[in-house]
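First comes the structure, then the notes that go with it.
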Amino acid sequence: MKENREIVLSEQEIQDICKDFGKRLTEELKNEEKTPLFLGVMKGALNFMFDLIKRIDRPIYTDFIQISSYAGVQSTGKINLKKDFDMDIKDRTVVVVEDVVDTGISMKYLIDHLNENYQPKRIIICALFDKEYARCEDIKIDYCGKVLKENSFLVGYGLDYNELERNVPYVYIAKPEDIDRWNEEIQK
């Protein structure tokens, strides 16, 4: 079935991005006094986070936060904090690992949440994809795997359609017939 899919990032390209980011982040974080925290945004960024942190050559902490704004293929525009994290990050560098930054509304919410409630030293944003054409909020992505120029619904490698397709090791564009098939699967 892979041969019929429009692949946006192959498994090898994803691993190359993780290696590059790991090397660069290791260098950037080498002189941190406090151990940095890598904060994965669940659930979409889990695969990316796990592959990325294997390439960080220094001690780090990891934790996860879960926010949601999507229902199916559409952003609802309303942010819901589903799971916060427990670690004290005051004066600690936090690397937020995200799958896709599109409108920036969720990322702005997350940055504001961290700054207002936890006072980190600084926040570094690391995203696999940047849908810069969709940006509503002024968000700076420090590490970006791929900038997308067109509006496509992506699945695979953690990105999902109603929880399906997260386990695919590459990212591809979902077609309408894929969504129809998944909707049938969900009804089972």
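Nothing in this text is a laboratory measurement; each read-out follows from the coordinates by a stated rule. Note that this is a predicted model, so its numbers are computed, not measured. Note that we place each Cβ from the backbone using ideal geometry, even for glycine, and neighbour counts take in every protein chain shown.
Some values worked out for this structure:
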{"read-out": "Virtual spin-label span in nm between residue 78 and residue 119, 7 Å along Cα→Cβ", "value": "3.3 nm"}
{"read-out": "Radius 11 Å from Cβ of residue 79, net charge of other residues (Lys, Arg +1; Asp, Glu -1)", "value": "+2"}
{"read-out": "Sequence ranges 166-173, 22-29, 99-106, ranked by mean other-Cβ count within 10 angstrom, highest first", "value": "99-106, 166-173, 22-29"}
{"read-out": "Stretch gain in nm, segment residue 66-residue 87, where the contour uses 0.36 nm per residue and the Cα spacing is subtracted", "value": "6.1 nm"}
{"read-out": "Förster radius 41 Å - calculated FRET efficiency between residue 175 and residue 140, Cβ distance, rounded to 0.05", "value": "0.80"}
{"read-out": "Helical mean residue ellipticity (222 nm; -39500 (n - 2.57) per DSSP H run of 4+; nearest 500) of the chain", "value": "-9000 deg cm²/dmol"}
{"read-out": "Counted charge near residue 60, where neighbours are those whose Cβ lies closer than 13 Å (Asp, Glu -1; Lys, Arg +1)", "value": "+2"}
{"read-out": "For residue 57, residues with placed amide H under 5 Å, excluding near neighbours", "value": "26"}
{"read-out": "Loop-located GluC sites (Glu not before Pro) in the stretch 94-174 whose Cβ has at most 11 other Cβ within 10 Å (DSSP)", "value": "150, 163"}
{"read-out": "Gain in span if fully extended, residue 12 to residue 24, counting 0.36 nm per residue against the direct Cα distance", "value": "2.5 nm"}
{"read-out": "Cβ-based exposure ranking for 42, 107, in which fewest neighbours within 10 Å come first", "value": "42, 107"}
